[in-house]
1. Condition check: in contact with an Asp or Glu (Cβ under 8 Å, 6 or more places away or on another chain) and modelled with pLDDT of 90 or more. Does Ser13 satisfy that?
2. In this structure, does Ala58 turn out to be at pLDDT 70 or above, surrounded by 10 or more Cβ atoms within 10 Å (Cβ to Cβ) and not in a loop (DSSP other than H, G, I, E, B)?
3. Within the range 12-26, identify whether any single residue is touching a strand residue (DSSP E or B) at 6+ places or on another chain (Cβ under 9 Å), charged (D, E, K, R) and within 17 Å of Ile73 (Cα to Cα), and answer yes or no.
4. Taking only the range 39-49 into account, find how many residues are farther than 15 Å from Ala59 by Cβ and either aliphatic (A, V, I, L, M) or touching a residue at least 60 places away in the same chain (Cβ under 8 Å) (or both).
5. Identify, please: which residue in the range 39-55 is loosely packed, with under 10 Cβ neighbours inside 10 Å and under 15 Å from the mean Cα position of the chain (by Cα) and is, among those, modelled with the highest pLDDT?
Amino acid sequence: KNTSLLGIDISTSAVKLLELSMTSKGFRVESYAVEPLPQNAVVEKNIVDHEAVTFAVAAALKKSGAKTKQASIAVPASAAISILVKAAPAT
């Protein structure tokens, strides 16, 4: 059973990666890495230079030596798409 998980944070200045595992005593940091991003790769929480961000994520993964392929992501509410579905009236 694989109990480790990757967390990846993409900010305007860097990609930060953290691999955590669950132990009987709590969480344990298995690996981590920080990879800088070129200026203006991410602007106002929007990825502008997809290639640069992809390269930085790949470099952080390689640097960290993370073994798990399971990742957890978060999307800000302002970037999420939600659909309200109304039920049809009963006939």
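1. The answer is no for Ser13.
2. The answer is yes for Ala58.
3. Yes, some residue in the range 12-26 is touching a strand residue (DSSP E or B) at 6+ places or on another chain (Cβ under 9 Å), charged (D, E, K, R) and within 17 Å of Ile73 (Cα to Cα).
4. Total meeting the criteria: 4.
5. Ranking the qualifying residues of the range 39-55, first place goes to His50.
Conditions tested, residue by residue: (1) within 20 Å of Ala59 (Cα to Cα); (2) of a type in the set (Phe, Trp, Tyr); (3) open to solvent by 60 Å² or more (accessible area, probe 1.4 Å).
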{"site": "Leu5", "(1), (2), (3)": "yes, no, yes"}
{"site": "Asp9", "(1), (2), (3)": "yes, no, yes"}
{"site": "Thr12", "(1), (2), (3)": "yes, no, yes"}
{"site": "Leu18", "(1), (2), (3)": "yes, no, yes"}
{"site": "Arg28", "(1), (2), (3)": "no, no, yes"}
{"site": "Val34", "(1), (2), (3)": "yes, no, yes"}
{"site": "Leu37", "(1), (2), (3)": "yes, no, no"}
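The values are calculated or read from the model by the stated rules, or taken from the named source; none is laboratory data. Only a predicted model underlies this, so the values are computations on that prediction, with no experimental measurement involved. Neighbour counts run over all protein chains shown; Cβ positions are idealised from the backbone, glycine included. In case anyone asks, the SASA skips ligands and DNA or RNA and just uses the protein heavy atoms, side chains included. Shrake-Rupley method; radii C 1.70, N 1.55, O 1.52, S 1.80 Å.
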